[in-house]
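What follows is a short report on a single structure.
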Amino acid sequence: MTAETRALGRLLLGPAVALLFVWMIVPLAMTIYFSTLHYNLLNPGMEQFVGLENYIYFLTDPAFLASLYNTLVLVGSVLVLTIVLGTLIALLLDQVVVGRSIVRLMVIAPFFVMPTVSALVWKNLLMHPVSGLFAWIATSLGLTPIDWFANAPLVAIILIVAWQWLPFATLILLTALQSLDEEQREAAEMDGAGPFSSFLYVTLPHLARPITVVILIETIFLLTVFAEIFVTTGGGPGLATTNIAFLIYAQALIQYDVGSASAGGMVAVVIANIVAFFLVRIVGRNLEA
Amino acid sequence: MARRVSPARICVSTAAAWLVGFAIFFPILWMVLASFKTELEAFSTPPSFLFFHWTLENYATVQQRSDYLQHAFNSVVVAGGSTLIAMLIAIPAAWSMAFAPSKRTKDTLLWMLSTKMMPPVGVLVPIYLLYRTFGLLDTLGGLVLVLCLGNLPIVVWMLFTYFKEIPKDILEAARMDGATVGRELIYVLTPMAVPGIASTLLLNVILAWNEAFWTLNLSSSEAAPLTVFIASYSSPEGLFWARLSAASTLAIAPILVLGWFSQRQLVRGLTFGAVK
């Protein structure tokens, strides 16, 4: 490769790298800086360096523990639901199905629905305790309808978010299944493997990598679920549906406490980085192959 | 050779698959149906499934009361604008990494990926304050900027995975035939790159259209795209289900159609090429 090509390469790459660098470094540096200040937008001009006080305040705030717990429950439940159901649905769609492409379209549709729409449609049309469809189904079966957002608000959010992410898991696992060698499966069957052990020893190991990818990518997005909470519960009742993202939002744009919101932001960055570390390694390994 | 499958098994798996597909799609279908009902019928128990008085009234009301078209226009500008600008910056970058890779290319790519991992809420405070200082709050330009930068890593990555698949031998062949660099670009590379560019464009329009963190936090009325407009239906006093459904149907219909066309690229784009 000539020096000229190399120079041209750098020139072409330059703007993208520079922009991303600025986009990442400037706000991050500001967040770190703000996180060491006593800074409230309601008292401008009163900023004061306080060291790590904001971090201590944020991390020892009972709201932090509650929101950390909610975040973990939300991420964990949605992961389990989407991966278990996604695997089952992908296996089903991998069978001989008449009209599979239409079924596929129906299955992936929720992924394209904007979060504010899915949240409000589920909250009102489906989960409303009196006029929602679920309430009608429950009453028809002789059960008491559940008042989702009063009695099980976090479960309600989990169901909505799981519905949005189920297509993603299904689609990726289905794509992976379809690349599984038919002969491999047949060979397993010839060797006397039943459908169950063939799934356990042939299919599942093949799905291990795509499942890992689904877990990591979903985790990145699920850690910062925001719109669904914003339009349905506003984090309540109490702190029942406040996750870390919503807590930071509330401290920044409702209480105008820039300092502790920034400290919280840094905590969120650290948590996301732990997940990102593993994801980047997996993707990087693939880049060499 | 395809596996021989008994007709009975096909019947069972077909029925099961359609049942599952219908169940997953049902909330969307239910919303579309509700958009054609009167407010009273949308709210009634027992619910009416198909035999209700079909009306288009809600669609008219949505436009009259809240200027739906203005918000739709904002969504088009924000999703389209941010995607186009990101493409303009990303195409040369992805191109140079795919065709003139250096020792640092892999690290650069992974670093770009890692910027996407940064939770937006981690930089909400500084972005909000910067936007307030520079008068970018609730402006289309501000939203275009933030969504463009937010999606840039995905755009570069997707384009890179597509460009990398273009065989390099073909360039040499063209060069042997005496093609100049310009001709090479127009007649050989561009036709091979267009499908990848188109899929990238499509997927990113979808992502930007549905983005609901920055749009909710940085816009309120003037520049509000459809995500924010729909969010305004969350206030308890303004809750009209049929109207909410009509507005929602309009907001998701175009993107649902685009999404159905881009489902294969979706896997690739969102897994950064880790699953194809």
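Averaged over peptide B:206-212, how many Cβ atoms belonging to another chain are found within 10 Å of each residue's Cβ?
4
For chain B, which span is the longest to avoid every loop-located (per DSSP) member of chymotrypsin sites (Phe, Trp or Tyr not before Pro) having at most 16 other Cβ atoms inside 10 Å?
The longest such stretch corresponds to B:135-276.
Note the full-extension length gain between A:ILE254 and A:LEU180 as 0.36 nm times their separation in residues minus their Cα-Cα distance, in nm to one decimal.
Between A:ILE254 and A:LEU180, full extension yields 21.6 nm more.
Tabulate in residue order the Karplus-calculated ³J(HN,Hα) for the range A:71-83, using 6.51 cos²θ - 1.76 cosθ + 1.60 with θ = phi - 60°, rounded to whole Hz; enter x for Gly and Pro.
4, 5, 5, 4, 4, x, 5, 5, 4, 4, 4, 5, 6
What average number of partner chain Cβ atoms lie no more than 10 Å from the Cβ of the residues making up A:213-223?
Other-chain Cβ atoms within 10 Å of each residue's Cβ, averaged: 3.
Taking only pairs that are 8 or more places apart or on different chains, how many Lys pairs in chain B have Cα atoms under 29 angstrom apart?
Here the count comes out as 12.
Once you have the Cα-Cα distance between B:LEU88 and B:ALA23, take 0.36 nm times their residue separation minus that, and quote the gain in nm to one decimal. Walk me through the numbers before you get to the answer.
Working: separation 65, 0.36 × 65 = 23.40 nm, distance 4.07 nm.
Full extension from B:LEU88 to B:ALA23 adds 19.3 nm.
Based solely on its DSSP helices, what 222 nm [θ] is calculated for chain B when runs of n ≥ 4 H residues each add -39,500 (n - 2.57) and the sum is averaged over all residues, nearest 500 deg cm²/dmol? All intermediate terms of the calculation are to be shown ahead of the outcome.
Details: 13 runs with 192 residues, N = 276.
Rounded to the nearest 500, the figure is -22500 deg cm²/dmol.
How big is the range B:7-57 by the Kirkwood estimate over distinct Cα pairs, in Å?
Answer for the range B:7-57: a Kirkwood hydrodynamic radius of 12.8 Å.
Compute the distribution of all C-alpha to C-alpha distances in the range B:1-142, in bins of 10 Å from 0, and list the percent of pairs in each, rounded to whole numbers.
Result, from short to long distances: 8, 16, 19, 21, 23, 11, 2 percent.
Exactly which trypsin sites (Lys or Arg not before Pro) in the range B:113-170 are in a DSSP loop and have at most 16 other Cβ atoms within 10 Å?
Of the trypsin sites (Lys or Arg not before Pro), the ones in loops of the range B:113-170 whose Cβ has at most 16 other Cβ atoms within 10 Å are B:LYS168.
For chain B, with the dipole built from +1 on Lys and Arg beta-carbon atoms and -1 on Asp and Glu ones, taken about the Cα centre, which of B:TYR128, B:TYR233, B:TRP95 lies farthest toward the positive end?
B:TRP95
Taking amide H positions as placed 1.01 Å from N in the peptide plane, with prolines and chain starts having none, which residues 5 or more places from A:HIS38, or on another chain, fall under 5 Å of its amide H?
For A:HIS38, whose amide H was placed from the backbone, the distant partners under 5 Å are A:GLN48, A:PHE49, A:VAL50.
What is the magnitude of the charge dipole of the range B:66-270 about its Cα centre, with +1 placed on the Cβ of each Lys and Arg, -1 on the Cβ of each Asp and Glu, and no other charges, expressed in debye to the nearest 20?
About 520 debye.
Give the average, rounded to an integer, of partner chain Cβ atoms located within 10 angstrom of each Cβ in A:162-175. It would help to have the intermediate numbers written out before the result.
Working: counts 0, 2, 1, 0, 1, 4, 4, 0, 2, 6, 7, 2, 1, 8.
Shielding by partners across A:162-175 averages 3.
Calculate log10 I(q)/I(0) of chain A for q = 0.08 Å⁻¹, where I(q) comes from the Debye formula with a single equal point scatterer on each Cα and nothing for solvent.
-0.50
Aspartates and glutamates near A:LYS123 by alpha-carbon distance under 12 Å, same-chain residues fewer than 8 away left out - which ones?
A:ASP147, A:GLU228
Angle, helix B:140-164 long axis vs. longest principal axis of chain B, Cα atoms, 0 to 90°, nearest 10?
For B:140-164 against chain B, the angle is about 50 degrees.
Taking the Cα of B:ALA198, stepping 7 Å toward and past its beta carbon, and measuring to each backbone N in the range B:240-274: which are under 15 Å?
Only B:258-266 fall inside the zone, counting backbone N under 15 Å.
Cα axis of helix B:190-210 to longest principal axis of chain B: angle in degrees, 0 to 90, nearest 10?
30
Answer with one residue from B:THR190, A:GLY234, A:GLY265: the one whose Cα lies farthest towards the positive end of the charge dipole of the protein assembly as shown, charges on Cβ with Lys, Arg +1 and Asp, Glu -1.
B:THR190
How big is D, in µm² s⁻¹, for chain B by Stokes-Einstein at 25 °C and 0.890 mPa s if Rh is the Kirkwood radius over C-alpha pairs?
Working: Rh = 22.0 Å.
Roughly 111 µm²/s, to the nearest whole number.
Which of B:ALA231, B:ALA212, B:ALA15 moves most in a GNM of chain B, Cα contacts under 10 Å?
Sorting by GNM fluctuation, first place goes to B:ALA15.
Can you tell me, using C-alpha contacts under 8 Å and at least 6 residues apart, the relative contact order of chain A as a whole percent?
Numbers: 308 pairs, mean separation 81.2, N = 289.
In percent, rounded to a whole number, it is 28.
Using the Karplus equation 6.51 cos²θ - 1.76 cosθ + 1.60 (θ = phi - 60°), what ³J(HN,Hα) coupling, rounded to whole Hz, does each residue of the range B:33-40 give in order, writing x for Gly and Pro?
4, 4, 5, 9, 9, 7, 4, 5
Express the accessible area of the protein assembly as shown per residue in Å², computed with a 1.4 Å probe while the remaining protein chains stay in the model.
Per residue, the protein assembly as shown has an accessible area of 44 Å².
Report, in whole Å, the centroid distance computed from the Cα atoms of the range B:47-92 and the range A:158-211.
One Cα centre to the other: 37 Å.
For chain B, calculate the relative contact order in percent as a whole number, restricting contacts to Cα pairs under 8 Å that are 6 or more residues apart.
Working: 258 pairs, mean separation 84.6, N = 276.
So the answer I get is 31 percent.
The values are calculated or read from the model by the stated rules, or taken from the named source; none is laboratory data. Given the structure is predicted, the values throughout are model-derived calculations rather than measurements. Note that each Cβ is placed from the backbone with ideal geometry, even for glycine, and that neighbours are counted across all protein chains shown. Surface accessibility is based on the protein's heavy atoms, side chains included, excluding ligands, DNA and RNA. Shrake-Rupley method; radii C 1.70, N 1.55, O 1.52, S 1.80 Å.
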